[in-house]
Structures are given as C-alpha cells and as structure tokens.
1. Starting from the Cα-Cα distance between K79 and T99, subtract it from 0.36 nm times their residue separation and give me the gain in nm to one decimal.
2. Compute the whole-percent fraction of alpha carbon pairs in the chain spaced more than 25 Å apart.
3. Rounded to the nearest 0.05, what FRET efficiency do E49 and K20 have when you use their Cβ-Cβ distance and R0 = 35 Å?
4. Going by alpha carbons, how many degrees (0 to 90, nearest 10) lie between the helix axis of 2-15 and the longest principal axis of the chain?
5. Each residue of the range 21-35 in order: what ³J(HN,Hα) in whole Hz does its phi give by Karplus 6.51 cos²θ - 1.76 cosθ + 1.60, θ = phi - 60°, with x for Gly and Pro?
6. By count of other Cβ within 10 Å, fewest leading, how are K77, K52, K134 ordered?
7. Which lysines does K83 reach when only Cα atoms under 21 Å apart count, and residues fewer than 8 places away in its own chain are ignored?
8. Looking at this model, which pairs from K20/K81; K7/K81; K4/K79 are more than 27 angstrom apart at the alpha-carbon?
Amino acid sequence: MHEKRMKKLEKIIQEVEEEKKINVFGDEDSEFVIVSWGSTKGAILSALEELKSDGLKALFVQVKMVHPLDGELIKKKIKGKIKIAVENNYSGQLAGLITEKTGEFFDYMILKWNGRPISHDEAVNALREIIRGKTKRKRIVLTAGL
C-alpha cells in the first residue's frame, strides 16, 4: 500500500504542468536566486523591482506545489546560483525540503516568524545586503511589526 501511494506522488510530479508547480520571475541570468512560497511573493516582487532600479538583479522562484515537490524542476532552476531562501517561519522549512530533495544547500536565509508579514522594506534591505556582499550573516532574522 505504501508503494502504491509513493507511485501516485511520482505520477503527480510527472503529470502536473510546470506552471502549477512554480512561478519564475526576474533575471534568469542572475547569479542570485531567491526561493520562497506563499505570502512572501508580493514583498519579493516589489523588492526585485527596486533592486533592478539600483542595477541589482536576481531570479525569484516561487514554489506553488510544495507536496509532492518536484526536486528535479527546482534543481534545474537553482543549481549553480547563490541561493537565498525567504520564509515566514523559524527554520526555513521549504529550504530544508528543497535541500532534502535536490542536494542543493542554501547560502542565505531571510526569516521572519513573529506573525507579521515580510514588508517591502525588509525584503529590499535584506536582499540588498546579500547581493551587494555586505553581510557575513547566513541567517537574517526580520523582526519589524513587534
């Protein structure tokens, strides 16, 4: 029975179209890739626009289908890039799942877990700090709204 369920998950990965699994925004040629899911999308998209006006570019992969996760598809988008996870939780759950399924480790994590959404300014400041190489912190914790 367990094998039957696992085969169903594999079949889902094969048959669901890419557009239902992920969205891709920004510059595919960038050395930086931002990976996130859920409510962070708006802040990241607006941050990408502001960063672009500063001459900084990044690719954003929004994961839409977390389970079953298409590790091969995501690996194809993030491999060889500097990986930045942006999540509204303490541990970077999606980043951990992606690492498990792809073997690709994240270079940076921008995390917020105080129950408030990530704001445009928080996203811009944290991403700018990483992209400009102005941080040694691998884990940036956002706290606005407390």
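1. Numbers: separation 20, 0.36 × 20 = 7.20 nm, distance 1.12 nm.
Answer, rounded to one decimal: 6.1 nm.
2. Values: 2805 of 10585 pairs.
Cα-Cα pairs of the chain separated by over 25 Å account for 26 percent.
3. Plugging the Cβ-Cβ distance into 1/(1 + (r/R0)^6) gives 0.90.
4. The angle comes out near 60 degrees.
5. 9, 9, 10, 10, 10, x, 9, 5, 8, 5, 7, 10, 10, 9, 10
6. Lowest to highest Cβ neighbour count: K134, K52, K77.
7. Partners within reach: K21, K41, K52, K57, K64, K75, K101, K112, K134, K136, K138.
8. In this structure, K7/K81; K4/K79 lie more than 27 Å apart at Cα.
Only the coordinates and a few stated rules stand behind these numbers; no lab work does. Quick caveat: nothing in here was measured; it's all calculated off a predicted structure. For neighbour counting, all protein chains shown are included, and Cβ atoms are generated from backbone atoms with ideal geometry for every residue, glycine included.
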